[in-house]
Structures are given as structure tokens and as C-alpha cells.
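The values are calculated or read from the model by the stated rules, or taken from the named source; none is laboratory data. Computed from a prediction, not measured in an experiment: that's the story for all the values here. Neighbour counts are summed over all protein chains in view; Cβ atoms, including those assigned to glycine, are modelled from backbone coordinates with ideal geometry. Heavy atoms of the whole protein, side chains included, go into the accessibility calculation; ligands, DNA and RNA do not. Shrake-Rupley method; radii C 1.70, N 1.55, O 1.52, S 1.80 Å.
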Amino acid sequence: YFVEPEQMSEDEVEITGEDVKHIDKVMRLQPGSHIECLNNQGRRTHCKIRSVNKESIEADIMQDLENSPELPVYAAVAQALIKGDNLDLVVQKGTELGVGSFLLFAAGRSVVKWDSSKVEKKVQRLRKIAKEAAEQSGRLYIPDVSYYPSTGDMLEAASMYNTSLYLDEETAKNGKHETLAEIFSSRPPSILAVIGPEGGISPEEAQTFDKSGFRPVSLGPRILRSESASLYFLSALSYHYEI
Ligand code: SAM
């Protein structure tokens, strides 16, 4: 279970919020039961529950667990808005595959538009999916999920990455692209990949990406759905580094 950093001291953890109900009512754990707690700042601990009550659960830290399941590169996916549950799929599977951050953005050709009054609620819901997927897959960190109302806004946030790519099937046709293997073999410390919406990346956006130093990458000759392209990129990344 992930807790807020201030809820984990040197030798004990206090769990509050929705996880209390999950531990108490769903998992039916009692004092003496063992759980794993993480503070989302790199500390993973094996804990023993000391007390269970409606508002909070107290646990003693038995030991720090060292194994780090994280990728040796900070990976981000700049995912154009796509239809509802496909976005859930990208966040859930992307979390399992080791993503550090999801930068969701309304691309020029995104069919899906988020009403500004609904953004906070949608982002919170996707953050919950990321937290649950991080717990299920044994991650050390919960990926960050943020939203940008335009490609331009996303570009600003993307500038902090060492290597920025945009996945575009058009580049496969005119052959002017590097392969993922070439890019990964340079072992960048951080890497971001932009994935377009159902309607694709527009020529204007591709031009902006080129001007901003983003490198076009092809995922082969077939046209993948947006969510397939995201997961292909992340699978290739973890395959390159971990298998
Ligand atoms: N332009 C496509 C078409 O004409 O059907 C639609 C775009 S595709 C459904 C969605 C996104 O997935 C693209 O913008 C791109 O980012 C990525 N993508 C799909 N196939 C790809 C490929 N072969 N190489 C690189 N990126 C790809």
C-alpha cells in the first residue's frame, strides 16, 4: 500500500483513507497480519499490522525491502486524449510496464475533448488507476498523471526530458527515422514519447515536434491504435533494459 511520506516514520506506518477499508473489510487483515508499505519516495517496507480501527491502521516496520522494480531510465508517455477506457488501459498497463509519468494532452486531432470543469475529476480517477496498478505490479513509485489542454502546453512540460520522440507511422513511409533500438542503445537517463490520437499527429504538430528537437520514430509498417502504440513503445523499452 502506498502511504503519504509523512505517514511513514523510521519504524512505523499509519494508513488512512480508502486503504483502511480495503485492508479491514476486503482483505479482512487483523493485527499481526503482514503487508508491504511504500512511501512513493523510494522506500518499500515489510510491515506487521499492530492495530486496526475505522479511521486508521497502525503497522510496525519489520524491514526495508531493497529490490528495485523500476526501469533504469525515467520513461514518460505523452498520450493524446483517446476514448475513455482506452486511456484507462494505457495508464494501467503503462504503470505495469514501468512508466514514470503520463502527460495526457488534447492533441489537434483528438476526437475526445475534456470539459475544463471535469479535468480534475478525470485526472484523479486516472491517478487512482495508476496507484492500484503500481500496487498490483510491485512498483516503488506511483506514476504521475498530468493533463495539458493543448499540444503546446504539453511541449513545455516535455522539454525537461533528455530524449524526446514522437511516434508517427508517417515517418515509416519516408524512411527518415531512427529505430527504437538505436535510441535505447544510447541509454538516455530520461525519455519521453508522444503518441497521437485516433486521427494521428497533424503535419503542423509534427513540424513543431521537429523544431523542438523531438525525433520521429516508426513502430513498423502497420498502423497501430493509439493505445497499442503506447504499449508497444513501453514493452520495447522494458524489453531492451530488462530482459
Ligand atoms: N494516422 C493514422 C491513420 O491514418 O489511421 C491514425 C493514427 S494511429 C491510430 C494513432 C497513433 O499511434 C499515431 O498518431 C502514432 O503516434 C501511433 N502509431 C500508430 N502506428 C504507428 C507506427 N506504425 N509507427 C509509429 N507510430 C504509430
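A few points about this structure:
- Matching residues in the stretch 162-189 - criterion: being closer than 27 Å to residue 86 by Cβ, open to solvent by less than 20 Å² (accessible area, probe 1.4 Å) and not aliphatic (A, V, I, L, M): 163, 164, 166, 168, 171, 184
- Matching option when the condition is open to solvent by less than 50 Å² (accessible area, probe 1.4 Å) and in contact with a strand residue (DSSP E or B) (Cβ under 6 Å, 6 or more places away or on another chain), among 90, 112: 90
- Any hit, the stretch 69-88, residues being within 18 Å of residue 19 (Cβ to Cβ) and at pLDDT 95 or above: no
- Scanning the stretch 220-232 for residues that are in contact (Cβ under 8 Å) with a residue 24 or more places away in the chain and either more than 11 Å from the ligand (Cβ to nearest atom) or touching a Leu at 6+ places or on another chain (Cβ under 6 Å) (or both) yields 227, 229.
- Filtered residues of the stretch 54-75 (kept if within 19 Å of residue 9 (Cβ to Cβ) and open to solvent by less than 80 Å² (accessible area, probe 1.4 Å)): 56, 57, 58, 59, 60, 61, 64, 65
- Test: residue in the stretch 196-207 that is aliphatic (A, V, I, L, M), assigned to a helix (DSSP H, G or I) and under 25 Å from residue 86 (Cα atoms): yes
- Of everything in the stretch 233-243 that is without any contact (Cβ under 8 Å) to a residue 60 or more places away in the chain and either more than 14 Å from residue 75 (Cα to Cα) or of a type outside the set (Ser, Thr, Tyr) (or both), the residue that is farthest from the ligand (Cβ to nearest atom) is 243.
- Each residue in the stretch 215-243 was checked for being in a loop (DSSP other than H, G, I, E, B) and buried (at least 20 other Cβ atoms within 10 Å of the Cβ), and 1 pass.
- Considering the stretch 193-213, and only residues there that are at pLDDT 95 or above and closer than 21 Å to residue 73 by Cα, the residue that is nearest to the ligand (Cβ to nearest atom) turns out to be 195.
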